[in-house]
């Protein structure tokens, strides 16, 4: 947890989140709040999160407004947010159909010119190989790798559906109604920032 929290500021920079941004921000699948905490430290005050199961400490934290909801039915009005984040969570949606629903919802709640930022892993050969080793318990050389082994095993029920559908998910991300603004690949992760087109002048 502490390691992920410490690395979050760099992840937000790679997604193009600007220093000094003070707009309205939504973190989808906010988990234990690492992204929310980093965004608050960066100066964001109109800060919201959703997750199916919201930990009690986030419900009670006055810095955030956090709701229990799914990514495919966001409980917010149209054009509410300047940024929507989905950090290490897209694969939690399990299927291309759910990803498509989430993308439609993200587009709906974004203001014209707003951005959706996604950080996750593709179904690349190195990811598939690494996950095979994790599932069989062969990569547990450090406490972090032992923790990640546990995570992969716990999440395998939706990873086993999501990974084979990655080509469809990739098409949805890169060729949908949101415009690609940033797209960076690392060894195991991709950083993708999509922009909702601004309203045409009348």
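In region 37-82, the C-alpha radius of gyration followed by the widest Cα-Cα span (Dmax) gives 11.1, 28 angstrom.
The fewest-to-most ranking of 127, 87 by surrounding Cβ atoms within 10 Å reads 127, 87. When Rg and the Kirkwood Rh are both derived from Cα coordinates, the Rg/Rh ratio for region 126-202 amounts to 1.14. Between residue 19 and residue 108, what's the calculated FRET efficiency when r is the beta-carbon distance and R0 is 22 Å? Round to 0.05. That pair, residue 19 with residue 108, gives E of 0.20.
Multiplying the residue separation of residue 151 and residue 53 by 0.36 nm and subtracting their alpha-carbon distance yields 33.6 nm.
Remark: relative contact order (region 52-163) = 27 percent; criterion is Cα-Cα distance under 8 angstrom and separation of 6 or more residues. As a proxy for reagent exposure, ranking 111, 11 by other Cβ atoms within 10 Å from fewest up yields 111, 11. Sorting 50, 180 from the fewest to the most surrounding beta carbons within 10 angstrom yields 180, 50. Dividing the mean sequence gap of close Cα pairs (under 8 Å, 6+ apart) by how many residues the chain holds gives a relative contact order of 20 percent.
Spread over its residues, the convex hull of the C-alpha atoms of region 108-155 is 121 Å³ per residue. Over all orientations, the chain has a Cα convex hull whose mean projected area works out to 11.5 square nanometres. Suppose R0 equals 22 Å; then what is the FRET efficiency for residue 7 and residue 40 from their Cβ-Cβ distance, rounded to the nearest 0.05? Computed FRET efficiency for residue 7 and residue 40: 0.85. Binning the alpha carbon pair distances of region 66-162 at 5 angstrom intervals from zero yields the distribution 3, 12, 18, 21, 15, 11, 10, 7, 3, 0, expressed in whole percent.
Taken together, the values in this text are just the output of simple stated rules run on the coordinates, not laboratory data. Only a predicted model underlies this, so the values are computations on that prediction, with no experimental measurement involved. As a convention, Cβ positions derive from the backbone with ideal geometry for all residues, glycine included, and neighbour counts pool all protein chains shown.
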